[in-house]
Amino acid sequence: MKYLSLMLLAIAPFIASAQNLHADFFAGIASYQGDLQAKRYTLNMAHPAVGIGLSYDVSSRFVARAGFTYGQVEGNDKANTQAKSILIRNLNFKSNIAEFHLAMEFNLFDLSERSATPYIFGGVAGYHFNPFTNDLSGNKVLLQPLSTEGQGLSQYPDRKPYNLNQLAIPFGGGIKLSLSDNLQVAGEIGIRKLFTDYLDDVSTTYVDQATLLAAKGQKAVDLAYRGDEINPALPYPSAGAIRGGSKYKDWYYFTGLRISYRLNSSGRMGNNGGKVGCPNSVY
């Protein structure tokens, strides 16, 4: 509800010009790139994502948009074929993503004159995440409170607890089709540049086992390293051993179909609506 209120506030100045206002609906998938999924882009372990939003035709080429999108991302060392040397970690995570974004969209062509156009967009987003895993008993366990890499422990003052609410830069593009003067359908890929490496709760090095045990308990030790679930003879890694790579931040993606419907249908059809009329220029 908070995100929806923010979206309505952002669009409120344009509502008076309702003829240029569209309701947007998104359906697709969410996926991620990071320490537990090293491919630049993959549909492996993707999960459904849905979204709603509003967009406003600033001109025949520029569109302001605001939207809320919800999906889930996942990573698992067992499927991380790009990094076979660290599969022995046996780590995995999932996280629900709740995102609100504001963006500006640019259409290469004027849709009042053509039936389709490529487009690009960019903006700013705020999102909530909370990585979790399942223990050997199948119980859901939130990872951030466990300080699996020493976040928040006095022995590691440089490792602060990561914030579960953060900013991102959304950008991407797609192909938009005008089915009528009031209805558009687009296939879109939206990429999110993040400023955290802890979307997957993995970033840097292992901390001392005894220190983690004393501070956070056995569950934290068990889930900071899970190689012993594959081979019980494998020891917990020594403090300072590589657990993840902090050089690059994590990413997540939304890929799918976006449907936009004009909220105030005036009965006036453009060239693509099957009726003869003036182009829908809003200059």
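An ellipsoid equivalent to segment 107-165, defined through the eigenvalues of its Cα gyration tensor, has semi-axes of 45, 18, 8 Å when rounded to whole angstrom and sorted largest first. One decimal place: the segment Leu164-Leu136 gains 7.6 nm when fully extended, by the rule 0.36 nm per residue minus the C-alpha distance. Name the residues of segment 141-174 whose amide N is less than 18 Å from a point 7 angstrom out from the Cα of Arg40 along the C-beta direction? Under 18 Å, as judged by backbone N against the label point of Arg40, lie 171-174 of segment 141-174.
Of the listed peptides 163-169, 69-75, what is their order by residue-averaged count of other C-beta atoms within 10 Å, with the highest listed first? Display every interim value, and only then the final one.
Details: 163-169: 15.0, 69-75: 23.3.
Most protected by this proxy first, the peptides run 69-75, 163-169.
Cross-linked pairs Lys78/Lys219; Lys176/Lys247; Lys140/Lys176: Cα-Cα separations exceed 31 Å for Lys176/Lys247; Lys140/Lys176.
What FRET efficiency, computed as 1/(1 + (r/R0)^6) with R0 = 35 Å and r the Cβ-Cβ distance, is obtained for Ala116 and Ile88, rounded to the nearest 0.05? Efficiency, from the Cβ-Cβ distance: 0.10. With semi-axes defined as the square roots of five times the eigenvalues of the C-alpha gyration tensor, the equivalent ellipsoid of segment 198-258 measures 28, 14, 12 Å, largest first.
Segment 225-254 and segment 146-183 have Cα centres spaced 20 Å apart.
FYI, it's all coordinate maths here, none of it is from the lab. Here the structure is a predicted model, which means the values were calculated and not measured. Neighbour counts are summed over all protein chains in view; Cβ atoms, including those assigned to glycine, are modelled from backbone coordinates with ideal geometry.
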